[in-house]
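Report on the following structure.
The values are calculated or read from the model by the stated rules, or taken from the named source; none is laboratory data. None of the values given here were measured: they were computed from a predicted structure. Note that each Cβ is placed from the backbone with ideal geometry, even for glycine, and that neighbours are counted across all protein chains shown.
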Amino acid sequence: MLELYQFELSQYSEKVRLILDYKQLNYRKIEVTPGIGQLELLRLTGQKQVPVLKDGDRYIVDSTEIAKYLDEHYPERPIIPKEGIKRGLCLMMEEWADESIGLKGRKALFSAISQDQYFRRSLLPTTTPDILRTLVEGVPSDVFKALGFGVGYSPEAINQAIAQLKQDLEALCLILAERPYLTGDEPTLADLAVAGLSILLKFPEGDYLDLPASLKGKGVAELVNDPAYERFFTWREQVYTDFRRPISGFNPPADTNAPTSIQID
């Protein structure tokens, strides 16, 4: 069985999960706990980032390379057009989504977390002790702003990212007003990339991610609550309804000799 080394809330991991589900491939998720070094993943693959797909004794890193690998080795329900303008548009949009929605989405979510105490508390893993949940909820917004400066998420950078995301969503809404999918009448990697990478803007409403029920359908207020982008988020939900398998309906039994998570100290 295919194995996906992932973070549950990594939008690049979600991009790959959506591709796997679209192709109707069975796979097992292996959660890599974030931490200093991520030594086990480094030992296995030579790098620390997720997602990583394991197929037999082969490890494929990077979501784009995984998509190409899956289309080549599992050609049923192809996602990358073979030639012509559709192939060009598909590859260009997928790269754009990685660099635009993927990166800006992190800054936008950081803004939501820093402003909403309940939101950041709810994002903690379900195994987090209540005392730690209460501690995180009580951290003042000014502290998160200070932390943001340390990782390049200053208020100015966040505001710029949100403004650029509004332009991105406007462009996507205009495209989707003319066609059911981003490159034409059939879904491609472009659609799956854009849909999967947008989870940090608004979490899917269905049972697709291991999140508290209270967070489903929630997201960055400036984007989620603006009716100008309703077309995009409605389209995204339809992509999930059509192609993403709910957690409750797809949880392949794990090999009892294989780990289901990697704990990183």
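When the helices (runs of 4 or more DSSP H) confined to the range 1-93 are screened for residues that are under 23 Å from Q238 (Cβ atoms), those reaching at least 2 such residues are found at 11-22, 63-73. Figure legend. Inter-residue proximity from the range 51-74: first residues over 18 Å from N26 (Cβ atoms) and among the basic types (K, R), second residues surrounded by 17 or more Cβ atoms within 10 Å (Cβ to Cβ) and at pLDDT 95 or above, beta-carbon distance below 9 Å, spacing 6+ or different chains. Indicated pairs: K68/I60; K68/I80; K68/L189. Among residues of the range 101-112 being touching a helix residue (DSSP H, G or I) at 6+ places or on another chain (Cβ under 6 Å) and either within 16 Å of E14 (Cβ to Cβ) or surrounded by fewer than 19 Cβ atoms within 10 Å (Cβ to Cβ) (or both), the one that is modelled with the lowest pLDDT is L109.
Quick grid of which residues meet (1) touching a Gly at 6+ places or on another chain (Cβ under 9 Å); (2) at pLDDT 95 or above; (3) surrounded by fewer than 16 Cβ atoms within 10 Å (Cβ to Cβ):
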{"site": "L53", "(1), (2), (3)": "no, yes, no"}
{"site": "G56", "(1), (2), (3)": "no, yes, yes"}
{"site": "T64", "(1), (2), (3)": "no, yes, no"}
{"site": "L70", "(1), (2), (3)": "no, yes, no"}
{"site": "H73", "(1), (2), (3)": "no, yes, yes"}
{"site": "P81", "(1), (2), (3)": "yes, yes, no"}
{"site": "R87", "(1), (2), (3)": "no, yes, yes"}
{"site": "L91", "(1), (2), (3)": "no, yes, no"}
{"site": "E94", "(1), (2), (3)": "no, yes, no"}
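To keep it simple, each residue is scored yes or no on (1) in contact with an Asp or Glu (Cβ under 7 Å, 6 or more places away or on another chain); (2) within 17 Å of P187 (Cβ to Cβ).
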{"position": "Y5", "(1), (2)": "no, no"}
{"position": "I19", "(1), (2)": "no, yes"}
{"position": "Y22", "(1), (2)": "no, yes"}
{"position": "N26", "(1), (2)": "no, no"}
{"position": "R58", "(1), (2)": "no, no"}
{"position": "V61", "(1), (2)": "no, no"}
{"position": "E65", "(1), (2)": "no, no"}
{"position": "P78", "(1), (2)": "yes, yes"}
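Would you be able to say whether some residue in the range 199-222 is without any contact (Cβ under 8 Å) to a residue 24 or more places away in the chain and either over 19 Å from the mean Cα position of the chain (by Cα) or part of a helix (DSSP H, G or I) (or both)? Yes, that holds for at least one residue. More than 20 Å from K107 (Cβ to Cβ) and either assigned by TED's automatic domain parsing to the domain that holds E14 or crowded, with 20+ Cβ neighbours inside 10 Å (or both), is that true of Y208? Yes: the conditions hold for Y208. In the range 24-51, of all residues being of a type in the set (A, V, I, L, M, F, W, C) and more than 18 Å from D210 (Cβ to Cβ), the one that is modelled with the highest pLDDT corresponds to L25.
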